[in-house]
1. Shape of the stretch 34-133 from its Cα gyration tensor (a ≥ b ≥ c, root eigenvalues): rounded if a/c is under 1.5, otherwise prolate when a/b > b/c, or oblate?
2. Got a sec? How would Leu162, Leu122 order by Cβ neighbour count within 10 Å, fewest to most?
3. Arrange the following residues from fewest to most other Cβ atoms within 10 Å of their Cβ: Met92, Met101.
4. Got a sec? How would Thr62, Thr103 order by Cβ neighbour count within 10 Å, fewest to most?
Amino acid sequence: MRRLLLASLGVAVVVAAGCTRTAEPPITHVPSVADSAEQVMAQFSSILTHRGVERGTMTADTAFVFDDQTRFDFRNIHVNFSDSTGAHNGTMRADSGRYNMRTEVLEGWGNVVITTTNGERLETPQLRYNQATNLVSSDTSFVLTQGSRVQRGIGFTTDPGLNRIQILRKASGSGVISSFPDH
């Protein structure tokens, strides 16, 4: 009886071990933007110009090139903006970006921050820089910090130096607002 019990127990252990589920093999290839890119460049750098006037310099960790070298997708993009005299007036950084050479429009996504040379800071999840008009715009939320003054809203248009900003909706803010003399 004891042998029968041990034999039954041994068969049960073998059957249970055979019923264990094995893991599925891991997926080894997930399509990425690099699969369809014409070129992939590391440590990308370029000068932004419009009609011979330098508007800034652009660098990125990685650039993916598409559409006969007219559209670029970037990872970890950084732009140094220049005014019409060539003087540096601000920077932009974003997690990713896209530049279209035909339209001269640069878009940034993910933790986009513009910082001016005098320390003003604009933060937004997404923005567009139109090189031809030298304007930055967005239709999403933003926070603009100018010293002790903070402005918020949804959507804006401004220059890269953040000198004049037009807030499109839900404008709010805090801080000291200076008075303007009557002329």
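Bear in mind that the values in this text are calculations on the coordinates, not laboratory data. Computed from a predicted model, the values in this text were never measured in an experiment. Every residue, glycine as well, gets a Cβ built from its backbone with ideal geometry; the counts of neighbours run over all protein chains shown.
1. Numbers: a/c = 1.98, a/b = 1.36, b/c = 1.45.
In terms of gyration-tensor shape, oblate.
2. Leu162, Leu122
3. By the 10 Å Cβ count, ascending, the order reads Met101, Met92.
4. Details: Thr62 18, Thr103 13.
Going from least to most buried by this count: Thr103, Thr62.
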